[in-house]
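Asks: Dropping a structure here in structure tokens format, bear with me for questions.
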Amino acid sequence: RDLPSFPTRRSSDLSLQVSSSIPFGERFLVIPSTETISCMSVLERTKGQLFVVHRLDLDTSGVIAFARNTRALAALNEAFRSDLVMKRYVARLDGSVRADRGTITLPLSVNRLERPRQCVLSESAGGKACATDYEVISRTSTCGRATSLVNLYPATGPSPQRRVHCAH
């Protein structure tokens, strides 16, 4: 998938990419967060006043995006509101993915037997259309076990869709 050359800030396996018109430099931080104390209060001791922009994927990565001033906060809030933020996830999958890139389109719904998990369900039965674009970064085989490292770009649908789409 061809991506525009936007400024990128990386945190573990998540990249946050936004329009080049949004102020960056020392005005923006992406910090992974799993601690039980307020990471914001700890960061503000060394970085000064911060503004919470967005908690990305609360149940998975726990990454929090902060703005360092109100101008950056406004620009980033507008980027999220206008869908200018593109999420990229990196996943290691069992097996060798055949195509170098593609789109997985499977309708999903809440699994009524295992809430809040998602499951594949036809649109006629109430599933919502979901699409995830992917590109293979590498394929490896260790001790006879093939794996593929892929970039995932959710195009539509709920955040847990990546796992369900990769399982199919």
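The values are calculated or read from the model by the stated rules, or taken from the named source; none is laboratory data. Please read all numbers here as calculations on a predicted model, not as lab measurements. Methodologically, a virtual Cβ is constructed for each residue, glycine included, from the backbone with ideal geometry; neighbour enumeration extends over all protein chains shown. Calculation scope for accessible area: heavy atoms of the full protein, side chains included, ligands and nucleic acids excluded. Shrake-Rupley method; radii C 1.70, N 1.55, O 1.52, S 1.80 Å.
Asks: Please list His168, His54 from largest to smallest accessible area, probe radius 1.4 Å, with all protein chains kept in place.
Replies: Putting His168, His54 in descending order of accessible area: His168, His54.
Asks: Let me ask you something else. State the answer as a single residue: which of Thr105, Ile64, Ala129 lies farthest towards the positive end of the charge dipole of segment 60-130, with beta carbon charges of +1 for Lys and Arg and -1 for Asp and Glu, about the Cα centre.
Replies: Working it through, the farthest residue towards the positive pole turns out to be Ile64.
Asks: Just to make sure I understand: if all protein chains stay in place, what is the order of Val164, Val110 by accessible area at 1.4 Å, largest first?
Replies: These residues rank, largest area first, as Val110, Val164.
Asks: Turning to a different aspect of this structure: Write down the accessible area per residue of segment 73-136 in Å², having rolled a 1.4 Å probe over the full set of protein chains.
Replies: Spelled out: the 1.4 Å probe surface of segment 73-136, per residue, equals 64 Å².
Asks: Once phi is turned into θ = phi - 60°, what whole-Hz ³J(HN,Hα) does the Karplus curve with 6.51, -1.76 and 1.60 give for every residue of segment 39-52, x standing for Gly and Pro?
Replies: Karplus-based 3J(HN,Hα) across segment 39-52 equals 5, 5, 5, 5, 5, 5, 5, 10, 9, x, 4, 10, 10, 6 Hz.
Asks: Using modelled backbone amide H atoms (1.01 Å from N, in-plane), which distant-in-sequence or interchain residues come within less than 5 Å of Cys130's amide H?
Replies: Those lying under 5 Å, H to H, from Cys130 are Leu106, Leu108.
Asks: Run the accessible area of segment 86-144 with a 1.4 Å probe and give the carbon-and-sulfur part as a rounded percent.
Replies: Whole-percent figure for carbon plus sulfur exposure: 50.
Asks: Considering only protein heavy atoms, with the full assembly of protein chains and a 1.4 angstrom probe, order Arg117, Arg45, Arg55 by accessible area, largest first.
Replies: Arg45, Arg117, Arg55
Asks: Stretch Cys143-Asp100 to full length: gain in nm at 0.36 nm per residue minus the Cα-Cα span?
Replies: 13.2 nm is the gain from fully extending Cys143 to Asp100.
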